[in-house]
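First the structure, in the form of structure tokens, and then the observations on it.
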Amino acid sequence: MSTLKRLISRMTLEEKAGLCSGDQFWRTKAVERLGIPAINLSDGPHGLRAQGEEQDHLGVNDSRPATCFPTAAGLASSWSVELLEQLGAALGDEAQAEGLHVVLGPGANIKRSPLCGRNFEYFSEDPLLSSHLAAAHIRGTQSRGVGSSLKHFAANNQEHRRMSVDARIDERTLREIYLASFEHAVKEAQPWTVMCAYNRLNGEYCSEHARLLTTILRDEWGFEGFVVSDWGAVNERVPGLEAGMELEMPASGGERDAQIVAAVREGRLEEAVLDRAVERLLRITFRAVDARQESAEFDADAHHQLARRIACESMVLLQNDGILPLSNERRVAIIGEFAERPRYQGGGSSHVNATRVEPLLEALETRGALFDYLKGFEIDRDTPDPRLEQAAAEGARTAEVAVLCLGLPDRHESEGYDRTHLNLPANQLALIAAVTRVQPNTVVVLANGAPIAMPWAGQVSAILEGYLGGQAVGAALADLLYGEVSPSGKLAETFPHRLEDTPAHLNFPGDSDVVRYGEGIFVGYRHYDTLGTDPLFPFGHGLSYSRFDYANLTLSASDFDGQGSLTVSCDITNSGEREASEIVQLYLSDRTQSVPMAAQALRGFDRVTLAPGETARIEMGLSRRDFCWYDAERADWRLPTGIFEVRIGASSRDIRLNQCIEVRGDAVALPVIDRNILMGDLQRHEGATRVLRQHLADIADELPMLNGLMSRDGGDDLMDAMGHYLPLRALVSFSGFTEARLEDLLKDLKALA
Ligand code: GLC
């Protein structure tokens, strides 16, 4: 018997049930008698929120100072696995110093609509990018002996009615998009914990969703840790325990522990299920306690500089007519209250009490830049202030360049609620108009956690998307504006021209407590690229102060049957005059479309830093899964046959290299056989076609509908279509085919399985 099992055998029923819920808001229960310790959990994904006495799950009460790094939306724009690992490790160091055992993050929910109030805390609209970055974040944190809590599993893609809404998602979409965003992170990084979401998924609360938490998460993906509820997400405790949800947080005052005890005592819950949960909890508890580094400390200054470097490598230069980088000699009007009061993080449970904040004004003063500051607008109001506006316009007119520091005030986007539009506040829109009327050299710097509409983009010279850049945001902006560092970030989400263009527009945020994911797999660029709708700025877009040439695309084979892997390589050259980084993207496009597929899908990426004139050979691997679609009927990933185009792009809309490859897919699976199967569906299967011809040869002459089957060129589209869509049972209606013969035919068809 294992040590853990021996320990469990010494526990009382009450002690075991007690372990399945928190002792306090951020702490599990100990069992002193048996030397079972408690562990501490705390937010969050881009900085710690370790609280003292006053505790809450919404970031309302204070927390101890910690480094506030850029939020996930910005982090993802770095497309850097290395950077995410470094961030994760820094969080782990700070968690050790704070005596925390588990950090509640990263968030890997897909950005289904830009309106979701919490998108600042999530990585991407693309599952591959999201899951790879989440995996890196987890590896980093856990490399320091601190657990992660990959969240919110699953389909928590809106804040509206988040604790009750039922996300209705078809199986293929769920697998290819919403679960895929977690799958790689679970399989490759093995988070110590996974946090289940508040919402329902296809009718069941995630906190008691056995298929989600056991069949998929554990049986299919091999998750070895424990599942913790989101705070207050438990509905029925006993079904939740049976489904594989081990730890209810926060505490429930013993209420639900008692429900577990009663259920075991009354035979409604097998004690083995409780023991399984306790073993999972104890395994992570002892791992965490063993990994504890007592009296650990962290270097706040070093972490501040890391936050600055991460922000520099994440921010995205969306537009630049050449005005950037600025030179120190140019007099600049810095306009907008965000320059002195930066918005550098989001609202809610991820909120961090930053060790320090470096606004843009402070950074500009530090570097001795030539600038005047004008407030331009009040962050705390949306209505224009003519006095501030007039002064800003005058300051812009007399300067050589105007830099507008704009963005979304924190009341516009937050955990807990969604946006209803994509607009900047009215006072900022008015300010843009007033300044661009008098100053053609206008740069816009943005602080927003999710896309905004930019009807003014054509009136400005440059746009730098800073996202929510963390506590060193000002220094990072100054580094990029003045060219200390070349911008290198690329969008991990599409910026649409308008809300009506967005994929989920007709189905967001749903009616009452039902939200239908009607757009299916066509999320983000998969929607825009399949429909041919031009976005404002496409997925994967980002400019640099240098230029890159792409050449020599080579595939390790000209065909692929799903065995082994396919290597895609190409040369990237920095053809500019300065060192810079480039994010290279690999997309696959199924040109045959034997089943409906998105126009293209991201299947690989790499980030490379090159000196002027330097060339790097980039190599990326493709495996069977990269070409597959999820066949819900067969509950499996299937490799289609056809021609696939391998694309190497600087963005999803800037494809530089491409080459086609022939894919020999899985044999067409025998469809589920019953009397209502269509002739056309059977004829896609070679063996079934053979059986049909044998059984129907004697009646084929009297049925022109069977011309297609008998490969006779009847030349009659109507008849061919009728034959294609003819259910087998209808043969009895249109010929001397008897029910007895139909049974024989069905038996022979089923025998092919
Ligand atoms: C919040 C959030 C979750 C957070 C938890 C604890 O409601 O949904 O992300 O980790 O509660 O604060």
Check: Would a scan of the range 414-421 turn up a residue that is under 23 Å from Met454 (Cα atoms), among the aromatic types (Phe, Trp, Tyr), within 16 Å of the ligand (Cβ to nearest atom) and surrounded by 17 or more Cβ atoms within 10 Å (Cβ to Cβ)?
Finding: yes
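Matching residues to (1) among the hydroxyl-bearing types (Ser, Thr, Tyr); (2) under 30 Å from Asn61 (Cα atoms); (3) more than 32 Å from the chain's Cα centre (by Cα); (4) more than 16 Å from the ligand (Cβ to nearest atom):
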{"residue": "Ile379", "(1), (2), (3), (4)": "no, yes, no, yes"}
{"residue": "Glu400", "(1), (2), (3), (4)": "no, no, yes, yes"}
{"residue": "Leu424", "(1), (2), (3), (4)": "no, yes, no, yes"}
{"residue": "Leu429", "(1), (2), (3), (4)": "no, no, no, yes"}
Next item on the list: Report yes if some residue within the range 101-120 is closer than 30 Å to Val289 by Cβ and more than 14 Å from the ligand (Cβ to nearest atom); otherwise report no.
Entry: yes
Note to self: Looking only at the range 359-374, filter to residues that are surrounded by fewer than 19 Cβ atoms within 10 Å (Cβ to Cβ) and of a type outside the set (Val, Ile, Thr); which one of those is nearest to Ile335 (Cα to Cα)?
What the structure shows: Asp372
Margin query: Being away from the ligand (no atom under 16 Å from the Cβ) and closer than 26 Å to Ala598 by Cβ is the filter here; which residues of the range 131-150 pass it?
Written below: Ser131, His132, Leu133, Ala135, Ala136
Notebook entry, point to check: For the range 1-96, which fully contained helices (runs of 4 or more DSSP H) count at least 1 residues that are within 16 Å of the ligand (Cβ to nearest atom) and in the same structural domain as Leu241 (by TED's automatic domain parsing)?
Noted result: 72-76
Check: For Ile432, all conditions in the list (1) assigned to a helix (DSSP H, G or I); (2) touching a residue at least 40 places away in the same chain (Cβ under 8 Å) hold save one; what is the number of the exception?
Finding: (2)
Notebook entry, point to check: Say we look at the range 214-253 and pick out the residues that are among the small types (Gly, Ala, Ser), assigned to a loop (DSSP other than H, G, I, E, B) and more than 22 Å from the chain's Cα centre (by Cα); which of these is farthest from Phe153 (Cα to Cα)?
Noted result: Gly253
Check: List, please: which pairs have Cβ atoms under 7 Å, are six or more places apart or on different chains, and start with a residue in the range 255-278 that is in contact (Cβ under 8 Å) with a residue 60 or more places away in the chain and end with one that is part of a loop (DSSP other than H, G, I, E, B) and buried (at least 21 other Cβ atoms within 10 Å of the Cβ)?
Finding: Arg256/Val234; Asp257/Cys20; Ile260/Cys20; Ile260/Leu269; Ala277/Cys20; Ala277/Glu246
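Given the criteria more than 23 Å from Ala632 (Cα to Cα) and either outside the structural domain of Asn109 (by TED's automatic domain parsing) or not acidic (Asp, Glu) (or both), does Phe522 qualify? Even if it seems obvious, please write down each step before you answer.
Values: more than 23 Å from Ala632 (Cα to Cα): no; either outside the structural domain of Asn109 (by TED's automatic domain parsing) or not acidic (Asp, Glu) (or both): yes.
Taking the combined requirement at face value, the residue does not satisfy it.
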Next item on the list: Mind listing just one residue for me: the one in the range 311-355 that is more than 25 Å from Val438 (Cβ to Cβ) and not in a loop (DSSP other than H, G, I, E, B) and, of those, farthest from the ligand (Cβ to nearest atom)?
Entry: Cys312
Next item on the list: For the range 151-168, enumerate the residues that are part of a strand (DSSP E or B), among the basic types (Lys, Arg) and within 14 Å of the ligand (Cβ to nearest atom).
Entry: Lys151
Note to self: Tell me the residue from Ala302, Ala291 that is in contact (Cβ under 8 Å) with a residue 60 or more places away in the chain, among the small types (Gly, Ala, Ser) and surrounded by fewer than 20 Cβ atoms within 10 Å (Cβ to Cβ), please.
What the structure shows: Ala291
Next item on the list: Give the range 254-275 a look and list any residue that's farther than 14 Å from Arg237 by Cα and assigned to a helix (DSSP H, G or I), or say none.
Entry: Arg265, Glu271, Ala272, Asp275
Check: Is the range 447-467 home to any residue that is surrounded by fewer than 23 Cβ atoms within 10 Å (Cβ to Cβ), among the hydroxyl-bearing types (Ser, Thr, Tyr) and not in a helix (DSSP H, G or I)?
Finding: yes
Notebook entry, point to check: Looking only at the range 28-71, which residues are farther than 25 Å from Arg118 by Cβ and modelled with pLDDT of 95 or more?
Noted result: Thr28, Lys29, Ala30, Val31, Glu32, Arg33, Leu34, Gly35, Ile36, Pro37, Ala38, Ile39
Next item on the list: Would you mind finding the one in Ala434, Ala457, Ala426, Ala453 that is hydrophobic (A, V, I, L, M, F, W, C) and in contact with a helix residue (DSSP H, G or I) (Cβ under 6 Å, 6 or more places away or on another chain)?
Entry: Ala434
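Okay, residues lined up against (1) surrounded by fewer than 17 Cβ atoms within 10 Å (Cβ to Cβ); (2) at pLDDT 95 or above; (3) over 30 Å from Leu531 (Cα atoms):
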| site | (1), (2), (3) |
| --- | --- |
| Met679 | no, no, yes |
| Gln683 | no, no, yes |
| Leu706 | no, no, yes |
| Leu709 | no, no, yes |
| Arg712 | yes, no, yes |
| Asp717 | yes, no, no |
| Glu743 | yes, yes, yes |
| Leu746 | no, yes, yes |
| Lys750 | yes, yes, yes |
Note to self: Please count how many residues of the range 177-197 are more than 12 Å from the chain's Cα centre (by Cα) and either more than 16 Å from the ligand (Cβ to nearest atom) or not β-branched (Val, Ile, Thr) (or both).
What the structure shows: 10
Check: assigned by TED's automatic domain parsing to the domain that holds His57, more than 23 Å from Ala135 (Cα to Cα) and within 16 Å of the ligand (Cβ to nearest atom) - does that describe any residue in the range 202-223?
Finding: yes
Check: Consider Gly348 against the criteria (1) over 21 Å from Gly47 (Cα atoms); (2) modelled with pLDDT under 95; (3) surrounded by 22 or more Cβ atoms within 10 Å (Cβ to Cβ): it satisfies all of them except one. Which criterion is unmet?
Finding: (1)
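The values are calculated or read from the model by the stated rules, or taken from the named source; none is laboratory data. Everything numeric in this text was worked out from a predicted model, so none of it was measured. Ideal geometry is used to build each Cβ from the backbone, glycine not excepted, and the neighbour counts take in all protein chains shown.
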